[in-house]
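Note sheet for the following structure.
The values are calculated or read from the model by the stated rules, or taken from the named source; none is laboratory data. Quantities reported herein were computed from a predicted structural model and do not represent experimental measurements. Ideal geometry is used to build each Cβ from the backbone, glycine not excepted, and the neighbour counts take in all protein chains shown. What goes into the accessible areas is simple: the full protein's heavy atoms, side chains included, and nothing from ligands, DNA or RNA. Shrake-Rupley method; radii C 1.70, N 1.55, O 1.52, S 1.80 Å.
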Amino acid sequence: MRWLDMIAAPWRGLLRGLAKLWVRFNVAPPEPERLDIPSAGVCYVLENELLLDEALLDAACQRHGLPRPGAEVLLGTSRNLFGVRRYRDRLVRRPLPEASPRLARLVDALLADPSANATLVPVVVFWGRAPAREDSWLKLLFAEQWGLAGRLRRVLVFLLHGRNVLVQFGQPMSLRELIAGQTRAELAVRRTSRLLRTHFRNARAAVIGPDLSHRRSLVAQLLTTAPVRQAIDDEVAATGQRHGRVRERARRYGLEVAADYSYPAILLFEKLLTWLWTRLYDGIDLHQIDRLGTTARDHTLVYVPCHRSHMDYMILSYVVYKQGLAIPFIAAGINLNLPMIGPMLRRAGAFFIRRSFAGNALYTAMFRGYLSAMLSRGHPIEYFIEGTRSRTGRALPHRTGMLSMTVHSYLCQPSRPLAFVPVYFGYEKLVEGQSYLSELSGQGKKKESVLGLVRSLRTLREQFGRVQVSVGEPIELTGLLDRHRPDWRRLEFSLDHRPGWLNSLVDELGRAILVRINAAAVPNPVNLVALVLLAMPKQSMVERELAVQIELYQRLLARPPWSIGARLPALEAPAMIQRAEHLGLVLRHAHPLGDVIHMDERRAVLATYFRNNVQHLLALHGLVACCYMNHRSLGLRRIRRLIRLVYPYVAGELRLPWDRRGLRRALNETLAGMGDAGLLRAGRNGRIWSRARAGSASTAQLLVLGQSMMPTLQRYYLVIALLLQAGPGRLRRSELLDLAQQVAERLSLVFELHSPDFFDRAVLSQFIDGLRAQQVIRVDADNRLHFDEALRAVDEDARQILGAQIRQSLQQVISLETPQATVEPEDEHDAAA
């Protein structure tokens with residue numbers, strides 16, 4: 001067939017010229033040369049055998065230095081390129097049923113020569129990325145299987161979407177492995193073609209998503225489903241209203257919820273957001289982003305990012321789109337359904353959800369039906385399991401509503417495997433920073449409005465540094481279901497009945513998502529500067545010492561148990577300090593002996609937000625350092641016992657990943673890392689760990705590291721001291737929580753930085769729940785708290801970590817009448833204990 005290639009050659013040259021003049025394309029992944037495509041023995045596979053797609057593939061290979069199609073004669077074939085879908089080249093073009101002759105010749109060559117091999121690289125060319133709409137006459141007109149419409153469609157697509165083309169390279173495949181075990185060429189070719197068609201089908205679903213129904217058509221379909229019909233009947237029976245009126249109300253609920261995806265709106269948003277990010281940020285850094293493409297090939301994705309800012313969902317949709325994947329449909333609060341703004345968001349894929357479904361069974365049925373329809377069709381979706389933006393920088397407790405409905409919907413229609421994708425966002429400066437400060441100081445949350453949006457445009461004059469987007473390890477739902485209910489595939493489920501065992505599964509899923517979000521954290525310069533300065537009494541430090549402490553933290557984070565050296569900033573420590581100063585987080589006081597970097601109270605309160613983003617990464621190091629506040633040497637067994645004492649509560653607050661066995665390994669790695677950094681010294685074959693003498697540089701660094709966790713331990717001790725002072729059965733949970741918050745605020749006014757972060761009610765509540773979960777306290781029928789000697793044992797161990805001076809300060813504030821304590825001796829007796 002070489003004569004056909006000779007005839008087609010001039011056309012290819014012409015098409016390359018046209019493509020160069022008109023077409024603008026992106027490549028996914030952005031660096032395809034990292035896919036380990038060999039320099040020889042490569043055969044490219046296109047979904048459609050079209051000359052224009054071949055021309056774009058050739059241009060993409062040339063741009064990235066990859067082997068070019070047509071540059072190699074492979075195993076007797078005329079060109080190292082073929083298409084899975086082929087057409088009879090006549091006026092009316094119809095698909096050919098047989099496989100590509102080039103693929104057949106490749107298979108014949110491999111079966112004849114056991115030492116030969118070829119690497120197939122599947123490539124999809126997307127002309128525009130608009131999902132098709134079901135029941136659309138445009139879909140019928142432009143369907144490629146009909147000759148005239150197919151040719152017309154190619155011309156229109158070239159003209160309309162030539163500026164928005166994506167060339168996606170797939171993972172290289174060994175043809176030898178694909179045909180392994182086959183001895184007949186016909187069966188081997190058929191199997192390879194089937195696998196390639198499956199790959200292209202999954203790739204297309206991942207990039208443009210499945211077919212869309214029109215918003216009104218989808219709502220009309222929902223009204224015919226059994227759960228919605230039953231909800232309408234129940235509402236008619238309960239209220240006595242006419243059936244038609246109740247059905248119309250259900251229809252309005254559906255229109256209130258449903259997205260109205262518009263591809264032109266997506267293109268507009270892509271241009272707008274590109275301009276906006278350039279104005280606001282110095283750049284967006286992506287980490288572990290390849291997990292998206294890998295998981296999207298055979299899973300429907302549910303994006304579950306942390307919620308730090310209103311920018312989160314716009315940034316994630318932008319990043320996903322730029323990675324060549326279908327953008328998710330986003331669950332947005334009904335408060336964002338504003339005039340002009342709501343319709344725009346709806347066209348960009350937002351569907352709206354009320355804060356509460358309580359008492360409205362009709363709305364609940366419509367929303368559940370809509371979510372189930374989206375998931376069963378394979379649409380990626382996105383929501384925030386924390387429910388609202390975190391004002392403190394910590395991960396908020398997960399809410400189970402959307403998670404439960406997602407899992408339940410999948411059980412009812414398990415069409416395509418589901419994977420939850422945790423995503424971490426890290427900011428160097430928050431667009432909402434000032435409003436967060438106001439809310440933390442006691443002012444009410446401002447309601448979203450169009451006027452508020454107009455006022456926020458003033459922020460376009462500011463710079464907000466860089467943004468970190470890090471993809472955590474996805475969680476496959478089927479694995480979780482197999483652990484909780486191995487026989488779930490044989491059971492029948494319905495939307496109007498939720499199984500009882502689902503609650504424990506959803507709770508485990510929510511906790512796992514938060515843990516994996518934190519595990520994906522990326523410390524930026526602002527995080528590290530805040531982590532150090534907030535551990536200092538006056539939030540100030542000599543610049544040289546601050547730089548040394550930051551370098552220490554970088555070394556610790558690059559080692560196990562986290563080993564995140566690849567995600568650390570590329571800047572040197574002095575440059576990080578300058579960046580924090582440039583962004584307005586710190587102030588500089590010039591001095592002949594060395595500049596002092598410090599924060600005033602307003603900056604320090606805001607800095608607690610950025611510290612809390614990454615505090616969990618050095619929490620274990622900080623707890624170990626706290627053990628040495630009042631001791632110079634400690635035995636390994638005693639260190640383990642002290643850490644095990646507080647770890648369940650710290651892990652719950654900071655979303656740490658280790659169980660009891662994992663904690664032992666992580667603690668050993670932490671001690672080894674601190675030893676290598678010169679903070680501790682091992683003795684007696686690792687059974688004793690000691691710090692340097694007081695006043696040494698390494699001890700000063702160790703104490704600063706310990707101070708980063710001291711406020712957390714102080715809060716815990718405060719709650720325990722209040723319980724012990726009141727006695728068993730004297731306080732209800734709400735009374736203890738109120739009292740603890742008041743005393744913590746008083747303590748921050750007298751001794752600490754007056755930051756609402758220290759007396760955060762949610763954190764105190766979580767610790768009380770942790771005491772109950774660990775069976776240290778129990779609640780009676782009257783909701784009063786009881787305890788026994790177990791709480792006193794916790795108090796006694798806490799004394800060993802906090803030391804006499806801190807305990808005395810706490811006791812003074814809460815008016816505890818306890819005898820004066822003495823500082824524990826620093827001798828080898830402590831080490832032997």
Open item on the list: Quick check on my filter: what residues within the stretch 758-807 are in contact with a Pro (Cβ under 8 Å, 6 or more places away or on another chain) and either more than 27 Å from Ser390 (Cβ to Cβ) or of a type in the set (D, E, K, R) (or both)?
Closed with: Leu785, His786, Phe787, Asp788
- [ ] Return a yes/no flag: does the stretch 647-658 have any residue that is of a type in the set (A, V, I, L, M), free of Cβ contacts under 8 Å to residues at least 24 places away in the same chain and either within 30 Å of Leu739 (Cβ to Cβ) or open to solvent by less than 20 Å² (accessible area, probe 1.4 Å) (or both).
- [x] yes
TODO: Filter the stretch 23-54 down to the residues that are charged (D, E, K, R) and within 17 Å of Val125 (Cβ to Cβ), then identify the one that is modelled with the lowest pLDDT.
DONE: Glu49
Task: Residues that are over 32 Å from the mean Cα position of the chain (by Cα) and at pLDDT 90 or above, drawn from the stretch 623-639 - done: Cys627, Tyr628, Arg632, Ser633, Leu634, Gly635, Leu636, Arg637, Arg638, Ile639
Open item on the list: List pairs: first residue in the stretch 385-396 and farther than 16 Å from Arg511 by Cα, second residue among the polar types (S, T, N, Q) and part of a loop (DSSP other than H, G, I, E, B) anywhere in the structure, Cβ distance under 7 angstrom, at least six positions apart or on different chains.
Closed with: Arg389/Ser309
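Pick from Arg485, Arg466, Arg498, Arg490: which is in contact with an Asp or Glu (Cβ under 7 Å, 6 or more places away or on another chain) and open to solvent by 40 Å² or more (accessible area, probe 1.4 Å)? Talk me through it step by step, then tell me what you get.
Values: Arg485 fails: in contact with an Asp or Glu (Cβ under 7 Å, 6 or more places away or on another chain); Arg498 fails: in contact with an Asp or Glu (Cβ under 7 Å, 6 or more places away or on another chain); Arg490 fails: in contact with an Asp or Glu (Cβ under 7 Å, 6 or more places away or on another chain).
Step by step, each of Arg485, Arg466, Arg498, Arg490 is checked, and only Arg466 is in contact with an Asp or Glu (Cβ under 7 Å, 6 or more places away or on another chain) and open to solvent by 40 Å² or more (accessible area, probe 1.4 Å).
This table checks each residue for (1) open to solvent by 50 Å² or more (accessible area, probe 1.4 Å); (2) within 28 Å of Ser435 (Cα to Cα); (3) among the acidic types (Asp, Glu).
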position: Leu534; (1), (2), (3): no, yes, no
position: Val542; (1), (2), (3): no, no, no
position: Arg555; (1), (2), (3): yes, no, no
position: Gly565; (1), (2), (3): no, no, no
position: His582; (1), (2), (3): yes, yes, no
position: Gly594; (1), (2), (3): no, no, no
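For the stretch 207-255, which positions are of a type in the set (Ser, Thr, Tyr), open to solvent by 20 Å² or more (accessible area, probe 1.4 Å) and modelled with pLDDT under 90? Give the steps one after another, and end with the answer.
Kept after step one, since they are of a type in the set (Ser, Thr, Tyr), are these residues of the stretch 207-255: 213, 217, 224-225, 239, 253.
Checking the rest, the ones that are also open to solvent by 20 Å² or more (accessible area, probe 1.4 Å) come to 217, 224-225, 239, 253.
If the condition is that a residue be of a type in the set (Ser, Thr, Tyr), open to solvent by 20 Å² or more (accessible area, probe 1.4 Å) and modelled with pLDDT under 90, then Ser217 is the only one that fits.
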- [ ] For the stretch 378-399, state whether one or more residues are within 17 Å of Pro227 (Cα to Cα) and either polar (S, T, N, Q) or assigned to a loop (DSSP other than H, G, I, E, B) (or both).
- [x] no
- [ ] Name every residue in the stretch 231-266 that is under 17 Å from Asn164 (Cβ atoms) and over 24 Å from the mean Cα position of the chain (by Cα), in order of residue number.
- [x] Ser262, Tyr263, Pro264, Ala265
- [ ] Test Pro101 against the stated conditions and say whether it is over 40 Å from the mean Cα position of the chain (by Cα) and at pLDDT below 75.
- [x] no
TODO: Return only the number of the condition from (1) assigned to a loop (DSSP other than H, G, I, E, B); (2) modelled with pLDDT of 75 or more; (3) among the aliphatic types (A, V, I, L, M) that Val823 does not satisfy.
DONE: (2)
- [ ] Go through the stretch 780-801 and count every residue that is among the hydrophobic types (A, V, I, L, M, F, W, C) and open to solvent by less than 40 Å² (accessible area, probe 1.4 Å).
- [x] 6
Open item on the list: Take Val794 and tell me if it is assigned to a helix (DSSP H, G or I), of a type in the set (A, V, I, L, M, F, W, C) and modelled with pLDDT under 80.
Closed with: yes
Open item on the list: If I ask for residues that are surrounded by fewer than 22 Cβ atoms within 10 Å (Cβ to Cβ) and within 23 Å of the chain's Cα centre (by Cα), which ones from the stretch 355-371 would you list?
Closed with: Arg355
Task: Residues (open to solvent by 40 Å² or more (accessible area, probe 1.4 Å) and either within 21 Å of the chain's Cα centre (by Cα) or within 25 Å of Asp285 (Cα to Cα) (or both)) located in the stretch 304-354 - done: His310, Met314, Lys322
TODO: Keeping to the stretch 540-558, report how many residues are under 15 Å from Val586 (Cβ atoms), under 31 Å from the mean Cα position of the chain (by Cα) and among the polar types (S, T, N, Q).
DONE: 1
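Of the residues Gln766, Gln707, which single one is surrounded by fewer than 21 Cβ atoms within 10 Å (Cβ to Cβ), touching a helix residue (DSSP H, G or I) at 6+ places or on another chain (Cβ under 7 Å), under 30 Å from Leu556 (Cβ atoms) and touching a residue at least 12 places away in the same chain (Cβ under 8 Å)?
Gln766
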Task: Lone unmet requirement of (1) in a strand (DSSP E or B); (2) open to solvent by 30 Å² or more (accessible area, probe 1.4 Å) for Arg641 - done: (1)
Open item on the list: For the stretch 608-632, which positions are open to solvent by 10 Å² or more (accessible area, probe 1.4 Å) and outside any helix (DSSP H, G or I)?
Closed with: Met629, Asn630, Arg632
Task: Single unsatisfied condition, Asn685 versus (1) open to solvent by 50 Å² or more (accessible area, probe 1.4 Å); (2) among the polar types (S, T, N, Q); (3) outside any loop (DSSP other than H, G, I, E, B) - done: (3)
Task: Selected residue (criterion: modelled with the lowest pLDDT) from residues of the stretch 488-513 that are touching a Pro at 6+ places or on another chain (Cβ under 8 Å) and part of a helix (DSSP H, G or I) - done: Arg489
Open item on the list: Please return the ranges of helices (runs of 4 or more DSSP H) entirely within the stretch 407-487 where 1 or more residues are farther than 19 Å from Arg391 by Cα and modelled with pLDDT of 95 or more.
Closed with: 477-484
TODO: Quick one: which residue in Ser690, Ser696, Ser748 is under 35 Å from the mean Cα position of the chain (by Cα) and either surrounded by fewer than 21 Cβ atoms within 10 Å (Cβ to Cβ) or free of Cβ contacts under 8 Å to residues at least 12 places away in the same chain (or both)?
DONE: Ser748
TODO: Could you check how many residues of the stretch 287-309 are of a type outside the set (Asp, Glu) and more than 18 Å from Phe384 (Cα to Cα)?
DONE: 10
